[in-house]
Structure formats: C-alpha cells, structure tokens
Amino acid sequence: MKRLCSWLIPLAGLLLAGACFAQAAEVVDLPTRPGVRQRMLVVQPANPAAVLVLMTGGAGNLGIYDNGSLRNDGNFLVRSRGLFVQHGYAVVLLDAPSDHNSAPYLAANFRESDEHAADIGAAVAWARKKWDLPVWLVGTSRGTQSVAYAGTVLTGASAPDGLVLSSTILGSSRFAPSTARPVQEMALDKLRVPVLVAHHEQDQCPVCPPSLLPALLARLSPASSKLITYQGGRSAGNPCEAMAFHGYNGIEDKVVADIAAFVAAHPR
C-alpha cells in the first residue's frame, strides 16, 4: 500500500467558517480490487471515539491531490469534515477508485455493484485495523445508494457498525446516466446495524422527496433506526446541489451534532 506523508492541511481547506484549528491529515492509496486503488483523505483528532467513512453524492469524485487538497470540496459531508473531527471522530473521505477516476466517475449502476462495495469494504477493514474502533458508513444524496448497498452485502471485518443516510435518494426517477435504485428498493431487510436517516423537510431535489420517507422507514428496523428531519438554513442554486436545503446549507453544525450523538449512542 502506498501511503503518502502526513502534514497539516490549511485551515481554509478543512473547516467551516468559525472553526479555528488545524488537523493532521494524510492521503492513503489503498489497494482494493486487482489493479485498483482507492484514494482516501484521512483526518483525525488525537483520540478518536469512532471512525466515519464519508461518501459524497453527485459523481463521487473528490479529486484528492497528493498534497491533500481537493478539487471538489463543496459537498455537505466533505465541507463538514472538520466539524466531525471536533466531535471526536476520525473521518475517512473516499474518492472515486482508480478505475473510475474520469467521467462519468460513479455513474450508471456502479454505486450498486459488488466492485464498489468491495472498495468500501476494504476501507472499512483498513480503518478497523488502524484504530480498532467502530466504523460507520455515512453517505449523503447519491452517497446513500453507495453506503446502503454496501451495508446489505458486506460481512466480517469489512462490514460497518452503523449507517447514516443523509438526503437519501428516494425517488423512482433516475439520474441520467444512473440506474442505481432508490434506497428503499434495496434489500434493507439484510441490515443488522443501527441506521440514522437525516433529511431536510424542505428538500426540493426531485429524487429526494420528504414525502417518501415513510417508505424508507418501513424497510428499516424500528428498534435500531431513527429519523431526524430539519428546517431552515439557506437554499441557493440547484435544489439537488450542496448549497441548497438538500445540503443543509447554514445548519451543518446541527446536522453534524445529531449524527455524532447517534453514533455515540450506539457503541460497538
């Protein structure tokens, strides 16, 4: 495994406005499938309580450079990584794997494929070995398709200890050129871990309608799942993009705090 050196990422590249500290970070290229490497950006506090593996939405390409900077860092989870670290969690951001590092990246049905699940599972196993802590998969928007599918097929050391679904893909329409299913159509009865569903009540993205949340919750165990909905913040631009209600613009600290609390309430 090729591991690049650690350094301090500049504040502007890591934190939301108002968070005033720097964090040690490293870039890791993890072998996953034959001939394939999964690039990851790893950020951690001094003594993490658990590990959060973050899956972005959209095309899934962060563009992690060798120096730890990102070509695309506007996504809710990506821009909030410093807040998760403030709450005491190590974070592992997954880029598109090496065999999907050009357009269309994580398009078509790749998010719901055994290959993608293998990449995610390798990251989970790597994190569990590195820290010996609970490892959660956290996805937002199209990232929910990735983590939900992975959660239904991964086993053993590659399986997550919990899932967080943020701005879940619920609509029956498909992103062109995506053919991945809405999350509630997946085999969620196979999940044996806690699941937090976070969703903005004003989400106007056509494939994330809050009206379909009951269909998702009906597929999850009521004993180990929870729904938290949000109001307010600011919405700008495309309703399916990061600075709309879909991306919790202006209320990131509240959403992150709720995710952190749910993970803390479900120790391994």
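The values are calculated or read from the model by the stated rules, or taken from the named source; none is laboratory data. Not measured: the values here are computed from a predicted model. Cβ: placed from backbone, ideal geometry, glycine included. Neighbour counts: every protein chain shown.
Here are a few things to note about the model shown:
- Selected residue (only one of LEU196, LEU191, LEU163 is in contact with a helix residue (DSSP H, G or I) (Cβ under 7 Å, 6 or more places away or on another chain), in contact (Cβ under 8 Å) with a residue 40 or more places away in the chain and closer than 25 Å to PHE245 by Cβ): LEU196
- Qualifying residue in region 135-151 (condition: surrounded by fewer than 21 Cβ atoms within 10 Å (Cβ to Cβ) and either in contact with a Lys or Arg (Cβ under 8 Å, 6 or more places away or on another chain) or modelled with pLDDT of 95 or more (or both)): no
- Residue, surrounded by the fewest Cβ atoms within 10 Å (Cβ to Cβ), within region 236-253, restricted to residues that are in contact with a Phe, Trp or Tyr (Cβ under 7 Å, 6 or more places away or on another chain) and either among the polar types (S, T, N, Q) or in a helix (DSSP H, G or I) (or both): GLU252
- Inspection of region 99-115 identifies at least one residue that is surrounded by 24 or more Cβ atoms within 10 Å (Cβ to Cβ), in contact (Cβ under 8 Å) with a residue 24 or more places away in the chain and part of a helix (DSSP H, G or I).
- Hits in region 75-109 (condition: more than 21 Å from TRP136 (Cα to Cα) and out of contact with any Leu (no Cβ under 8 Å at 6 or more places or on another chain)): SER98, ASP99, ASN101, SER102, ALA103, PRO104, TYR105, ALA107, ALA108, ASN109
- In region 178-200, residue modelled with the lowest pLDDT [restricted to those that are crowded, with 17+ Cβ neighbours inside 10 Å and of a type in the set (Gly, Ala, Ser)]: SER178
- Checking region 224-235 against the condition returns a match, with at least one residue being in a loop (DSSP other than H, G, I, E, B), closer than 24 Å to VAL153 by Cα and either among the hydroxyl-bearing types (Ser, Thr, Tyr) or at pLDDT 95 or above (or both).
- Taken over region 141-160, the residue count meeting the criterion of being in contact (Cβ under 8 Å) with a residue 24 or more places away in the chain and assigned to a loop (DSSP other than H, G, I, E, B) is 4.
- Selected residue (only one of LEU216, LEU220, LEU170 is aliphatic (A, V, I, L, M), more than 21 Å from HIS116 (Cβ to Cβ) and buried (at least 17 other Cβ atoms within 10 Å of the Cβ)): LEU220
- Considering region 36-91, and only residues there that are touching a strand residue (DSSP E or B) at 6+ places or on another chain (Cβ under 7 Å) and charged (D, E, K, R), the residue that is surrounded by the most Cβ atoms within 10 Å (Cβ to Cβ) turns out to be ARG81.
- Residue in region 201-219 that is nearest to GLY162 (Cα to Cα), counting only those that are at pLDDT 95 or above, in a loop (DSSP other than H, G, I, E, B) and more than 19 Å from the chain's Cα centre (by Cα): ARG219
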